[in-house]
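To keep things clear, I will list the structure first and then write my remarks on it.
The values are calculated or read from the model by the stated rules, or taken from the named source; none is laboratory data. Source: prediction; values computed, not measured. Glycine gets a Cβ as well: all are built from the backbone with ideal geometry, and neighbour counts include every protein chain shown. These accessible areas exclude ligands, DNA and RNA; they are computed on the full protein's heavy atoms, side chains included. Shrake-Rupley method; radii C 1.70, N 1.55, O 1.52, S 1.80 Å.
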Amino acid sequence: MTSERILAQANLKCTEKRLAMLDYLARSRHPVTAEEVARHIGATAHVSTVYRFLGTLVEKEMLLREIHQDGIAYYQLPQSRHCHMLTCRNCRRSVNLPHCPLTGLQQQLERQTGYHITGHLLEFTGVCPTCAEKEKIKKI
């Protein structure tokens, strides 16, 4: 879905800043923070403006927000494929897991409880190979 279409469906005015934010989110290969979006836009956007815009899109269900273990909100456009991530605790680099390990558990919970589960969040954290190598060098 194009940035213009997202704004139209959300009944939001199409501005250069909003288009730039949505384009950045669309190009990001992992969820990003509001601060990262603001840095990408540059001095033309204040972080509070970015937070308001992202919050509006979350409320209108046009954007996903996840609060990770670090307490920071991360944003991403909905993907056609549901995925989870493995995130380095040092550099915050992330990789997508090839499949959702919770699908079977979700179906079982729905059968047992009668709930219709609409989503879940699973975050794995660790140390990426690059940071692990740097830590090994520091210990020597």
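Per the helix-only calculation at 222 nm, which mean residue ellipticity applies to the chain, given -39500 (n - 2.57) for every DSSP H run of n ≥ 4 and division by its residues, nearest 500 deg cm²/dmol?
Value at 222 nm, helices only: -13000 deg cm²/dmol.
Taking amide H positions as placed 1.01 Å from N in the peptide plane, with prolines and chain starts having none, which residues 5 or more places from His30, or on another chain, fall under 5 Å of its amide H?
none
How large is the accessible surface per residue of segment 99-140, computed with a 1.4 Å probe and reported in Å² as a whole number?
Accessible surface, normalised per residue, equals 83 Å².
Counting Lys +1, Arg +1, Asp -1, Glu -1, what net charge surrounds Val47 among other residues with beta carbon under 13 Å of its beta carbon?
Net charge around Val47: +1.
Please enumerate, by chain and number, the aspartates and glutamates with C-alpha under 14 Å from the C-alpha of Lys13, excluding those fewer than 8 residues away in the same chain.
Within reach: Glu4.
What part of the accessible area of segment 22-140, given as a whole %, is carbon or sulfur when the probe is 1.4 angstrom?
Carbon and sulfur atoms account for 54 percent of the accessible area of segment 22-140.
Along the Cα→Cβ direction, 7 angstrom out, place labels at Ser28 and Leu97. What is the inter-label distance in nm?
The answer from the label model is 2.1 nm.
Highest GNM mean-square fluctuation, the chain, Cα pairs closer than 10 Å: which of His116, His84, His46?
Among His116, His84, His46, the largest mean-square fluctuation in the Gaussian network model of the chain belongs to His116.
Provide the packing ranking of 55-63, 128-136, i.e. peptides ordered by the mean count of other C-beta atoms within 10 Å per residue, highest first.
55-63, 128-136
So, in nm, how far is label Gln9 from label Glu35 when the simple model puts each one 7 Å beyond its Cα toward the Cβ?
If labels sit at Gln9 and Glu35, their model points lie 3.1 nm apart.
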